[in-house]
Amino acid sequence: MYKEIDELIEAIVNDDVFQNYQEKEKVLHSDELMSLLNKHQMIQDDYLKMKNYEAYISIDDIREKLKEVKNELANHPQIQDYYQSYYQLNDLLDDISKIVFEGISQELCINRWK
């Protein structure tokens, strides 16, 4: 049985979907994205600190900055490519899980949304 599991792992690792995911994940460590992620983290930290004093001061400006940076991150092509590859890999792994566990029992809940 362990031999078959190892072969399945090897097949997944060699699959184009997994290879694409790894390539997209590596790109997330670019200087441009790291700078943007650091900026987001700093603004979020400031926001969380100031949120305690929201009754006494307005934090609308920092909330707006945080929203802008989040949108910039969400719309960044490299991040969008990463999430697309992530969901493709997740779908592949879901399909594999269905095949494996449906062969074991029809009563097992393999749908992550149930």
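The conditions are (1) closer than 19 Å to Lys67 by Cα; (2) part of a loop (DSSP other than H, G, I, E, B); (3) not aromatic (Phe, Trp, Tyr), and His29 fails exactly one of them. Which is it?
(1)
Where residues in segment 11-23 are outside any loop (DSSP other than H, G, I, E, B) and of a type in the set (Asp, Glu), which of them is surrounded by the fewest Cβ atoms within 10 Å (Cβ to Cβ)?
Within segment 11-23, the match that is surrounded by the fewest Cβ atoms within 10 Å (Cβ to Cβ) is Asp16.
Of the residues Leu48, Leu8, only one is surrounded by 10 or more Cβ atoms within 10 Å (Cβ to Cβ) and either β-branched (Val, Ile, Thr) or touching a residue at least 24 places away in the same chain (Cβ under 8 Å) (or both); which?
Within the list Leu48, Leu8, the selection yields Leu8.
Here's a check for you: in segment 83-111, which residue that is more than 16 Å from Asn14 (Cα to Cα) and of a type in the set (S, T, N, Q) is modelled with the lowest pLDDT?
Restricting to residues being more than 16 Å from Asn14 (Cα to Cα) and of a type in the set (S, T, N, Q), the top hit is Asn111.
The values are calculated or read from the model by the stated rules, or taken from the named source; none is laboratory data. Given the structure is predicted, the values throughout are model-derived calculations rather than measurements. Don't worry about glycine lacking a Cβ; one is built from the backbone with ideal geometry, like all the others, and counts go over all protein chains shown.
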